[in-house]
Every structure is written in C-alpha cells, then in structure tokens.
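One structure is given here, and the rest of the page talks about it.
No value in this document is a laboratory result; all are computed from the given coordinates. Source: prediction; values computed, not measured. As a convention, Cβ positions derive from the backbone with ideal geometry for all residues, glycine included, and neighbour counts pool all protein chains shown.
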Amino acid sequence: MEPSDQFTTYQVLQRHGVDRRDFLKFCTQSAAALGLSAAFVPKVVAAMETKPRIPVLWLHGLECTCCSESFIRSSHPIAQDILLNMVSLDYDDTLQAAAGFQVEEIRHKIMKDYKGQYLLAVEGNAPTKDGGVYCTVGGESFLKVLQETAADAKAIVAWGSCASNGCIQAARPNPTGAMPVRKLITGKPIINVPGCPPIAEVMTGVLTYILTFDALPELDRQGRPKMFYGQRLHDKCYRRAFFDSGQFVEAWDDEGARKGWCLYKMGCRGPTTFNSCSTFKWNCGQGWPVNSGNPCIGCAEDNFWDNGPFYQRLSNVVVPGIDSTPDQIGKTLTVIAGVGVGAHLITMAARKQASKLKTPEDGAGQAGEKE
Amino acid sequence: MATIAQPNAPPANLDPIERRRYVWEFPVRLSHWVNAIAIGVLFLTGLFIASPVAAPNGEAYNHFLMGKMRLLHFAFAYALVVGIAIRVYWFFVGNNYARSGFPFFWRRSWYKAVFGQVVEYTHLERGHINIGHNSLAGISYVAFFAMCGFEGVTGFALYGESNPGGFWDKLVGWTTPLLGGSFRVHMWHHLVAWLIVVFVVLHLYIAIYDSVLYKNGIVDSIIAGPKFYEPGDHDADKWIS
C-alpha cells in the first residue's frame with residue numbers, strides 16, 4: 001500500500017480504467033445516498049475532480065472487525081474498491097498488504113506529511129486499565145497509538161458502537177476499563193457512527209459526505225450524523241400500524257408473530273433506537289431484524305448490552321444484590337409503604353385501646369396532665 | 001415535649017364556626033384535583049404503554065388502542081404541567097398557607113420542627129398542629145414536585161424523540177445522553193412513576209390519619225377550603241408576603 005499522493009479521486013479512477021460515464025454515475029449515486037437533489041451532482045463531480053484524496057488512517061482497537069466487514073459490503077455508493085480509491089486508505093491493519101514495522105512507518109509518515117489533514121477512522125476502543133495492556137498494536141498500547149494518531153488528525157470517525165459508545169467490552173463490569181473514543185480524545189471533531197456494525201451505506205455515506213463537501217456532516221447531541229441517525233427505527237418501521245392499533249406478538253410463533261404484528265412486547269428496542277435500519281435496511285437493502293421477525297436489540301444505542309435481557313420490554317435494574325425490573329421495584333416499595341401504613345394503624349389502635357383501658361382509673365390523672 | 005401534652009378537646013368557649021379558617025384557596029384546590037386526576041390517568045395509561053395487556057384482533061386499521069392510550073398519556077401530561085404551573089404560581093401569590101411547610105433546610109428551627117413533627121406522629125396525644133402544611137408534609141410535597149419535574153423532563157424528552165430538533169427535543173432532549181440513552185430514560189421514567197405511587201399511598205394515609213385523629217377537617221378542606229383549628233395550633237410562617 002502506497003502512501004497517499006496528491007491525485008484526485010477522478011484521476012485515480014481513470015488510472016483504474018473507469019470511464020467518464022461510470023464516474024458520473026458514481027457521483028450521482030453518491031449524491032443520492034446523501035439525500036442530495038440532482039442539482040448537487042455537479043458539485044459532487046467538481047469535488048471528485050479537483051480535491052485531492054483525503055488520507056485516511058484506520059485504526060483497530062478492541063473490536064471484532066464487524067465494522068470493516070460491513071464497510072466492504074457497501075453497495076451504494078458503488079462497491080468498496082471504488083471507495084477505497086476515493087479516499088486514500090493508507091493504514092488499515094485488516095486490509096493492508098504490508099505488515100510489521102513497514103506499516104507502522106507508513107502511519108508515522110502520514111502523520112508527519114499530512115499533519116492536520118488526514119482523517120482518523122477508529123474501529124474499536126481502547127482499554128484504559130493497567131496502562132492499556134489489554135490491547136496492544138505493534139508493541140504499543142492501543143491507548144497510546146490512538147492518542148498519538150489523534151493528535152494531528154483533522155477529524156475522527158468513530159466506527160461502530162465500540163468506538164462510539166463502548167459496546168460489549170465496556171459493558172458492566174468492564175474489566176479492562178474500555179472507553180469509547182469520545183471519552184479519550186478531546187479537542188478534535190469526532191463523528192460517532194454507532195451500530196454493531198453500522199450499516200455499510202451509512203459508513204460510506206459519512207465518508208462520501210466528508211470528501212465531497214470537505215466538511216463534517218451535521219451532528220446531533222450524541223455526535224451522530226443527523227442524516228443517518230436523525231430518527232428512531234420505530235418511527236419508520238413498517239410494523240408501526242400494529243403498534244398504534246395495540247396488536248402485539250406475545251410469544252414466538254404465536255398468531256400475532258405469524259401475522260407480522262408489532263414486536264414491542266418481545267422487547268423490540270425500535271422505539272429507543274436511532275438508526276437507519278428501517279429505511280436503508282441491510283445487505284443491499286434486503287432486510288433488517290424486524291423484517292425477519294426478530295425484535296431490534298438497539299445495537300446503535302449507548303449501553304445496549306447493559307439494557308438486557310434483549311427480549312424483554314423492561315430490562316432488569318441493577319440494584320446491588322437485587323435483580324429486578326422497575327415494576328417489581330415499584331410494587332415492592334408500594335407494598336412496603338402499605339405495610340408501614342398498616343403497622344402505624346395497628347399501633348395507633350393498640351395505643352388507643354390501651355389508653356381506653358386506663359381511662360377509668362386515670363380520670364383524675366388526665367385532668368392533671370393538662371398543665 | 002411540652003407541646004405534646006395538649007388537651008384533646010377544644011375549649012368549650014370556641015364553637016366550630018369560630019374555629020374555621022379558610023386555608024386552601026380555589027387555585028390550590030383546583031391544582032390538587034387536576035394533579036390527582038392527571039396522575040391517576042398517567043399512571044394507568046403509563047402501565048398500559050409499558051405493557052399493553054389487551055390485544056385487539058382483526059385488521060390493524062380497525063383499531064387505535066395503543067395510539068389512544070398514548071394520546072391520553074400525553075394529554076394528561078400537559079394537564080399535569082398546567083396543574084403544577086398553577087400551584088407554583090399560587091405558591092408566590094397565594095395566602096401564607098400556600099407556602100406553608102416549605103423546607104427551610106438552612107434554618108436550625110426547621111430541623112427542630114421536623115423532629116417535633118416526627119415525635120408528634122409517633123404520639124397519640126394532640127400536640128401542636130399546623131394549620132397549613134407541617135414540616136414533614138412540606139418535605140414530601142417538595143419531593144413530590146421534584147418527582148413530577150423528573151417525570152416531566154424525561155417524559156417530554158421521550159415524547160420529543162419522534163421529532164428530533166423540535167421544540168421538546170431542544171428543551172429537554174439533553175436528558176437522553178445524560179441518562180445513558182433513550183432506553184435508560186424509559187426505565188427511569190417508569191421507576192419514578194412508581195415512587196409517585198408510593199407518595200400517593202403515604203399522602204392518603206396521613207391525610208386520613210390527621211383528619212380522624214385531630215378532627216381538623218383536613219380531607220374536607222381540599223374540597224371546600226376551610227380547616228378547623230384550635231388555640232395553640234401553628235399558623236403558617238409569613239415569609240414572603
């Protein structure tokens with residue numbers, strides 16, 4: 001893998017034998033994927049023709065590589081090889097041919113030659129306990145590699161739930177002290193692209209946007225691109241009508257399940273998950289979990305592993321030593337309050353009884369108490 | 001304590017009409033009942049939304065059960081906001097009883113009053129009764145309004161999720177990342193709803209207990225307004241007006 005040069009995307013595509021016609025098709029598809037009108041296509045074309053490719057360093061920390069697996073299956077904008085030409089992917093230990101010191105050298109060269117210009121893509125997160133020894137890359141702790149590479153990056157793209165939220169390695173009890181990128185790096189623009197993995201087209205869409213407009217997409221409160229994480233799955237779900245009418249699947253393979261009713265009572269996290277699954281879908285738009293009769297597990301949301309069990313609407317609340325849902329806690333507290341009330345009543349009645357018994361003899365005494 | 005050993009019977013020279021005092025003004029009573037009804041509806045519809053028990057059969061377009069429950073929930077949420085707004089406004093402009101019981105946790109005398117009230121409730125003899133709210137009641141109402149505030153903020157944050165960038169999202173949407181995601185917000189909203197139920201149980205019991213024990217007409221007073229007092233009963237602090 002060669003370090004990035006100053007070629008534009010169009011030049012690179014030409015060198016790969018892509019003709020003008022296919023290039024324009026690619027630009028149109030990219031614009032469509034970003035939700036831009038046809039009027040923006042010339043702008044996309046101009047960007048691809050004139051702007052040098054952005055060097056990208058893609059780091060892998062504690063992760064399962066599902067983000068990369070998803071990414072290379074992107075179908076719009078076009079296939080992954082074109083996109084890999086669009087950006088100059090100079091370091092990616094999963095995809096690169098080089099290995100060992102050679103590639104670490106490339107990373108350092110890019111960091112030096114393109115100071116403040118390269119994009120840092122992070123897949124996975126960094127364990128922080130015990131000096132970060134639970135994840136090492138090239139003999140260095142990943143924590144150090146991340147901080148070092150982030151220092152001169154133009155912006156950081158946090159791929160997947162690991163990098164954005166922490167995901168399973170940061171789930172309770174988080175033995176390695178794994179922390180998402182946003183908690184480790186400050187002072188750099190960070191784009192969170194959560195999901196386990198994120199949808200392929202969302203990943204390529206984010207990169208296309210950055211390349212085309214030389215700007216970061218508009219982010220929401222949690223640092224996610226609004227264009228892909230602006231709505232809940234629930235609000236675009238094709239089973240929403242069953243939710244509103246109150247028709248729910250009650251058990252796997254019951255009548256409702258066969259009729260395709262709402263999976264809310266089976267623990268569907270659609271109402272609490274912001275992602276594009278119900279619109280973009282997965283695997284070239286073939287389907288998504290709800291489509292195949294399985295509730296959403298909310299993989300794009302913060303703490304989704306800790307919000308289990310997945311197939312239960314109300315999750316268990318972790319109170320030290322107790323494992324119960326809010327309903328159980330609420331009922332217990334109400335019963336305790338009721339028992340307290342009852343006990344108070346009984347005590348009061350008993351005292352009254354006692355004072356009544358006393359009264360005949362205490363007739364004179366009570367008058368004396370008045371003083 | 002000297003205050004406890006008060007006579008149970010009122011002095012014979014005061015007839016009931018003379019012992020009447022107009023305590024809860026109309027806005028206070030209005031707010032109370034708006035809140036009471038709203039909380040009842042909110043809790044029941046909330047339980048239904050969390051766990052929809054009824055399952056209508058047939059085509060989806062024939063039903064709107066969940067939609068109706070959510071509609072009721074949202075409508076009564078607005079009613080509760082209005083009810084609380086009335087009460088908060090009246091806290092500042094109403095009579096002194098509207099402010100009674102406020103926890104002056106920065107004053108030594110308040111801690112004394114709380115201790116005295118605890119002693120009072122564990123005794124059966126009539127001690128110093130507050131014509132307005134007593135100090136323990138004051139704590140419970142502040143806690144109640146805090147819980148309602150929490151339910152309001154989290155509830156409207158969830159309500160605003162269908163329209164990110166909209167009014168409610170801008171106003172209270174910050175709670176979602178603060179509580180660790182939308183799902184957690186649902187959980188907390190659900191849990192605190194139960195705490196309000198616990199409050200209701202205690203509130204009803206104490207009100208009936210006071211009414212039976214002190215014969216001060218406390219339960220009637222939230223419908224009609226006046227309470228009965230006896231010489232020596234604590235009047236409300238005059239600390240704002």
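Structure values in brief
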| quantity | calculated |
| --- | --- |
| Average beta carbon contacts from partner chains per residue of B:175-186, 10 Å cutoff | 6 |
| Label-point gap, in nm, between A:Lys183 and A:Lys236 - each point 7 angstrom along Cα→Cβ | 2.9 nm |
| Neighbouring partner chain Cβ atoms per residue of A:237-245, average, 10 Å criterion | 4 |
| Other-chain or far-sequence residues with amide H under 5 Å of A:Ala155's (modelled H) | A:Leu120 |
| Protection proxy ranking of A:260-270, A:193-203 - average other beta-carbon atoms within 10 Å, highest first | A:193-203, A:260-270 |
| Distance between region B:16-51 and region B:149-170 - C-alpha centres, whole angstrom | 25 Å |
| Using alpha-carbon coordinates, inclination of helix B:26-50 to the longest axis of chain B, degrees | 40 degrees |
| Unit charges on C-beta of K, R, D, E only; dipole of region B:22-228, Debye | 460 debye |
| Counting all C-alpha pairs of region B:67-180, share separated by more than 26 Å (%) | 41 percent |
| Cα convex hull volume per residue for region A:234-315 (Å³) | 88 Å³ |
| 3J(HN,Hα) from dihedral phi, region A:285-302, Karplus parametrisation 6.51/-1.76/1.60, rounded to Hz, x for glycine, proline | x, 6, x, 7, x, 4, 4, 9, x, 10, x, 5, 9, x, 5, 8, 9, 4 |
| Long-range amide H partners of A:Ser88 with built H, under 5 Å | A:Ile54, A:Val56 |
| Kirkwood-type radius of the protein assembly as shown, with distances r between different C-alpha atoms, in Å | 28.9 Å |
| Anchor A:Lys115: lysines whose Cα lies under 20 Å away (excluding residues fewer than 8 positions away in-chain) | A:Lys51, A:Lys144, A:Lys154, A:Lys188 |
| Fewest-first ranking of A:Phe304, B:Phe74, B:Phe102, using other Cβ atoms within 10 Å as the exposure measure | B:Phe74, B:Phe102, A:Phe304 |
| Region A:9-229, dipole about Cα centre (Lys/Arg Cβ +1, Asp/Glu Cβ -1), debye to the nearest 20 | 560 debye |
| Estimated D of region B:22-228 in µm² per second, where Rh is the Kirkwood radius over Cα pairs and Stokes-Einstein applies at 10 °C, 1.306 mPa s | 83 µm²/s |
| Placed amide H near A:Arg269: partners under 5 Å, 5+ positions off or other chain | A:Cys296, A:Ile297, A:Gly298 |
| Reach of A:Lys331 by Cα under 24 Å, taken over lysines that are not fewer than 8 positions away in the same chain | A:Lys265 |
| Neighbour cut-off at most 13 other Cβ (10 Å), DSSP loop, chymotrypsin sites (Phe, Trp or Tyr not before Pro), region B:174-241 | B:Trp174, B:Trp239 |
| Size of charge dipole - the protein assembly as shown - debye, nearest 20, with Cβ of Lys, Arg +1 and Asp, Glu -1, no other charges | 1020 debye |
| Average beta carbon contacts from partner chains per residue of A:257-263, 10 Å cutoff | 1 |
| Packing-based exposure ordering (other Cβ within 10 Å, fewest first) of A:Thr50, A:Thr273 | A:Thr50, A:Thr273 |
| For region A:9-229, Kirkwood radius (reciprocal of mean inverse C-alpha pair distance, Å) | 17.7 Å |
| Overall form of region B:12-137 per C-alpha gyration tensor (a/c, 1.5; a/b vs b/c) | prolate |
| Farthest toward positive dipole pole in region B:22-228 [+1 Lys/Arg, -1 Asp/Glu at C-beta], among B:Val172, B:His73, B:Trp90 | B:Trp90 |
| Nearest 10 degrees, 0 to 90: helix B:108-122 Cα axis against chain B principal axis | 90 degrees |
| Proxy reagent accessibility, fewest Cβ within 10 Å first, across B:Asp210, B:Asp15, A:Asp90 | B:Asp15, B:Asp210, A:Asp90 |
| Crossing angle, helix B:182-214 versus chain B [Cα axis fit, 0-90 degrees, rounded to tens] | 20 degrees |
| Alpha-carbon centroid distance for the pair region B:82-117 / region A:1-59, whole angstrom | 67 Å |
| Note, ³J(HN,Hα) from phi for region B:149-162, Karplus 6.51, -1.76, 1.60, rounded to Hz, x at Gly and Pro | x, 4, 4, x, 5, 5, x, 6, 5, 5, 4, x, 5, 6 |
| Among A:206-216, B:51-61, the order from most to least packed when residues are scored by Cβ within 10 Å on average | A:206-216, B:51-61 |
